[in-house]
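The values are calculated or read from the model by the stated rules, or taken from the named source; none is laboratory data. In this text, all values refer to a predicted model and were calculated from it rather than measured experimentally. Glycine also receives a Cβ, built like all others from the backbone with ideal geometry; neighbour counts cover every protein chain displayed. Please note that ligands, DNA and RNA were not included when accessible areas were found on the heavy atoms of the full protein model with its side chains. Shrake-Rupley method; radii C 1.70, N 1.55, O 1.52, S 1.80 Å.
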Amino acid sequence: MDSIIELQRQNHEELERFERGLSSLLSRNQPTHETKLQIEHKASQILDRIQSRILTLNSLYQDEDARKAEIHSLSAPAQANDLSEFYSRLVKIQEHHAKYPDSVPGGFDLEIAALLDEPNQEEEDYEEEDPISLLFSGEESYGKYVDLYAHHTAYSNLKNIGKRPGYLQYLDLLLAAQSGTVHNNLPKETRFSKEYENYIQNFHTYLLSFTKRTQPLVDVDIQQQEIETDFNKRWEAQEISEWEENRSQASTNGNGSAGIWCAACQKQYAKQTVYDAHLTSKKHIKAAAKQDTTGVPRPNPNGTPTPSTAPTITKSSISARIRNSARLTHLVTSLLVSLTSTINDTKSNVERRFSLTAREREQELLDQAKPPPPPPTATTGPEEEEEEEEERIYNPLKLPLGWDGKPIPYWLYKLHGLGVEYRCEICSDHVYMGRKNFDRHFQESRHAFGMRALGLPNTKHFHEITRIEDALALAEKLKQEGRHEIFEQETMEELEDDEGNVYNRKTYEDLKKQGLI
């Protein structure tokens, strides 16, 4: 048996190493949803081990007698050369290694290395199965979406829910939990039924399991306990209005619905005629005879139960069922609020899949079955370093790039005058580098749009004109000289009639007013 001091030291060391491992794990890059979920599950495992070590340390520190005895044995003996305690412990160590000769030292190192180990990309032939992917079904897609098809079917089979909703409408009903209790639009007799209790129980179990699988670092059980405690207080104070009428009905009728109760058969009948017809049945006669032998008075002929024949056991069980259904409904509502984004993504995915063809769906399944591409490795070889050096272009003069993606020679840069700036006010003060680019821009769309905005034609007379004032002055001068190159806006625009004849806007409007076209 190890020393209690040594056990404490070992637990403290393991705690520190677990904390460092947790820090390095959470600081890793999380490029995809799958990687993020894997890291969170590993972090959850490390937190569980930290919690177990803390509990062990707490129990060791509370054992004061063992600590005092160990400290006394480690203190200096009465005689200076007394090594009996040392040799006794040495014998224990030798016996342990003789009993377990194949024991591997450093088991804790292997444990923490397995938690912090990244997938090895060198072993391409061997593909290790991801344990996290086994937690989810194919419809859940690694925790991105929820799989509620079975619960949708169970909900559609409930009685008195009106029109059966489709899957998308069912998801909309669940999203309504953000503004109130889920399924509060259902009639009270439906929420009071045994089928609804089974449905909401299975629904709560699935949502709780899905939340734990997709959010391993969140303590969902504590949140559920807090919500359940709050529900119990509100239930005792009768602050839950949507369930109070059901409770009062259950206390008066015994099963929460109006009708006639038969104490002998322990059954509720909705109509008087059905109740009268069953009085002559063999089952009722046998049940009534058995009731007579036990000394319990028979029920009234009209079926109204007397206080002595009220089924107290049935009332209590039904009241417990109502409370359980209400409790599960409130717990499910809290889980749905936390999964709102996931349900929205599920709805979008279902709508997208509805729009796909059969071939596209098959191709999507094949793409999902393929393993994801390995992330880029951090280590680089000498060849990759040379390629990176070639990719890094040294361009301190900011020369323009040529056809090969490299800077052009400096002499060519000077020859074309690419260092000279030409500014054009008509082009919204755009700057053109080099004379060649400047001459070319007069026939480009940017300059033509600026001239059109000024109401001027982009003709050769306005070549080399870059200022707005100069362009307007030149246009006025050309008008005075009678030059026909300047046209008014109404004569520049051409229109076509039904017969294909082309006119300018002014001629077209004059002919149209006269009724000639």
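So, in region 206-246, exactly how many residues are open to solvent by less than 40 Å² (accessible area, probe 1.4 Å) and of a type in the set (Val, Ile, Thr)?
Qualifying residue count, region 206-246: 4.
Given (1) of a type in the set (A, V, I, L, M); (2) in contact with a Leu (Cβ under 7 Å, 6 or more places away or on another chain); (3) more than 30 Å from TYR410 (Cβ to Cβ); (4) at pLDDT 85 or above, identify the lone condition not met by LEU456.
(2)
Checking PRO216 against (1) of a type outside the set (Phe, Trp, Tyr); (2) closer than 14 Å to THR333 by Cα; (3) not in a helix (DSSP H, G or I), which test does it fail?
(2)
I'm checking my understanding of the structure. Among residues of region 160-184 that are of a type in the set (Ser, Thr, Tyr) and in a loop (DSSP other than H, G, I, E, B), which one is surrounded by the fewest Cβ atoms within 10 Å (Cβ to Cβ)?
Result: SER179.
Can we say LEU22 is in a helix (DSSP H, G or I) and at pLDDT 85 or above?
yes
Is there a residue in region 12-19 that is surrounded by fewer than 17 Cβ atoms within 10 Å (Cβ to Cβ) and over 33 Å from the mean Cα position of the chain (by Cα)?
Within region 12-19 (the criterion being surrounded by fewer than 17 Cβ atoms within 10 Å (Cβ to Cβ) and over 33 Å from the mean Cα position of the chain (by Cα)), the answer is yes, since at least one residue qualifies.
Can you tell me which condition GLN291 does not meet? The list is (1) at pLDDT below 75; (2) open to solvent by less than 80 Å² (accessible area, probe 1.4 Å); (3) in a loop (DSSP other than H, G, I, E, B), and all the others hold.
(3)
Any residue in region 33-40 that is open to solvent by less than 70 Å² (accessible area, probe 1.4 Å), touching a helix residue (DSSP H, G or I) at 6+ places or on another chain (Cβ under 7 Å) and without any contact (Cβ under 8 Å) to a residue 24 or more places away in the chain?
Taking every residue of region 33-40 in turn, at least one turns out to be open to solvent by less than 70 Å² (accessible area, probe 1.4 Å), touching a helix residue (DSSP H, G or I) at 6+ places or on another chain (Cβ under 7 Å) and without any contact (Cβ under 8 Å) to a residue 24 or more places away in the chain.
Can you tell me which of (1) part of a helix (DSSP H, G or I); (2) under 19 Å from SER325 (Cβ atoms); (3) at pLDDT below 85; (4) open to solvent by less than 80 Å² (accessible area, probe 1.4 Å) is the one THR252 doesn't meet?
(4)
Filter region 423-461 down to residues that are small (Gly, Ala, Ser) and in contact with a helix residue (DSSP H, G or I) (Cβ under 8 Å, 6 or more places away or on another chain) and give me whichever is most open to solvent (accessible area, probe 1.4 Å).
Within region 423-461, the match that is most open to solvent (accessible area, probe 1.4 Å) is SER428.
Yes or no: ASN157 open to solvent by 40 Å² or more (accessible area, probe 1.4 Å) and at pLDDT 90 or above?
yes
Determine whether region 85-102 contains at least one residue that is under 30 Å from PRO131 (Cβ atoms) and open to solvent by 70 Å² or more (accessible area, probe 1.4 Å).
There is at least one residue in region 85-102 that is under 30 Å from PRO131 (Cβ atoms) and open to solvent by 70 Å² or more (accessible area, probe 1.4 Å).
Among the residues of region 186-196, write down those that are at pLDDT 90 or above and open to solvent by less than 20 Å² (accessible area, probe 1.4 Å).
TYR196
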